[in-house]
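One structure is given here, and the rest of the page talks about it.
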Amino acid sequence: MQFTPLALLLLAAAPAFAAAHYDPDQDRAALRQAASSSYNAATLAAGVPLVPERAAEIRADLDESLARANDASTAAKNLETAAVKRAAEMAGELKGHGAPAPSADAKDLSDAAALQRARWKSLSKDHDDLQARVFALPDTNRDKADLKSTLRAAGDSLAAADAALGRAEADASAAADTVAQMELADKRARSSAAELTPQATEVIRLADSLPPPVSEAKDATGLLGQEPQGPNRTRAGAKISVPRDLTSQMYSAADRACNRADDYHGRSSAFDRALASFALAKSSGASDLAAAKSALDKADASQAGVRDRLDHPKPQP
């Protein structure tokens, strides 16, 4: 990456990328509730005595189970859609949304601090050399005291630059660390998302498979009390057990999907925390580099003045 010293010194002090808030709790709660309600209604239907006068109750329970399965399917789709959207957001943050990526910004910050540290070392050596030349002047030299005072001010500027550079170097290190944390959180979140998707898909598949067996079970209850009563009752019991078994599987898949969404939420939050820390380190680093540059400019100007006076001394009386 090409850059200029000035551009590096002014490394985007404005807050970095604003991470979108990701919270799957509402969809997760809706999925658990819907899947649980669907299974409970199917279980109630399977527990009703198989007699003609209870057939309407069985059918109502089956209809309720199907309606809640549809709700579970919708919640599972929402949960998966939000996870996919969040994955894209995190990937975008790491790529920089068209601007330099955080990893590039962290490197630029480190490079800028190293550049100014080299300048500080050069000016510090120059300061020592100038100081030796000034101290070597005879005490009768009228400029000696003023030159010493100017060099003391330059030394104070160098000390201030050293302190600011120390902070900038720490900021650069923190920025690099937080980028690594972002990348790790993203990797872990993608792992959770990869586990969430098949479970959400299974909820949707099971919900979609429910209407035919519900219809068959309802039809079977219409034959209760008719001859042959025994076989019709046995057939109705077998048909009613199918929605119960499917909704049991759906509830288990929903529970697994919700657990993976919980993992994803935690890892997404870790990404957000790392991103916020990165933005703070980047902004602080830019500020500290600007302070160091200002102090180095002062020292440079002061030492240039001393050098000029030493190289072109005024006649002494």
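Take the conditions free of Cβ contacts under 8 Å to residues at least 60 places away in the same chain and either in contact with an Asp or Glu (Cβ under 7 Å, 6 or more places away or on another chain) or of a type in the set (Phe, Trp, Tyr) (or both) and apply them to residue 239. Does it pass?
Spelling it out, residue 239 is indeed free of Cβ contacts under 8 Å to residues at least 60 places away in the same chain and either in contact with an Asp or Glu (Cβ under 7 Å, 6 or more places away or on another chain) or of a type in the set (Phe, Trp, Tyr) (or both).
crowded, with 17+ Cβ neighbours inside 10 Å, at pLDDT below 95 and in contact with a helix residue (DSSP H, G or I) (Cβ under 9 Å, 6 or more places away or on another chain): does that describe residue 11?
It is true that residue 11 is crowded, with 17+ Cβ neighbours inside 10 Å, at pLDDT below 95 and in contact with a helix residue (DSSP H, G or I) (Cβ under 9 Å, 6 or more places away or on another chain).
Would you mind finding the one in 99, 82 that is more than 30 Å from residue 235 (Cα to Cα), surrounded by fewer than 17 Cβ atoms within 10 Å (Cβ to Cβ) and modelled with pLDDT under 95?
The conditions single out 99.
Looking at the structure I just gave you, is residue 64 among the acidic types (Asp, Glu) and either modelled with pLDDT of 95 or more or surrounded by fewer than 15 Cβ atoms within 10 Å (Cβ to Cβ) (or both)?
Yes: the conditions hold for residue 64.
In the range 75-108, how many residues are free of Cβ contacts under 8 Å to residues at least 40 places away in the same chain and either of a type in the set (S, T, N, Q) or within 30 Å of residue 225 (Cβ to Cβ) (or both)?
Here the count works out to 1.
Of the residues in the range 122-170, how many are among the hydrophobic types (A, V, I, L, M, F, W, C) and either touching a Lys or Arg at 6+ places or on another chain (Cβ under 6 Å) or buried (at least 18 other Cβ atoms within 10 Å of the Cβ) (or both)?
Adding up the residues that qualify gives 12.
Can you spot a residue in the range 151-158 that is under 26 Å from the mean Cα position of the chain (by Cα) and part of a helix (DSSP H, G or I)?
no
The values are calculated or read from the model by the stated rules, or taken from the named source; none is laboratory data. Bear in mind that the values here come from a model prediction, so they are computed numbers and not experimental data. Every residue, glycine as well, gets a Cβ built from its backbone with ideal geometry; the counts of neighbours run over all protein chains shown.
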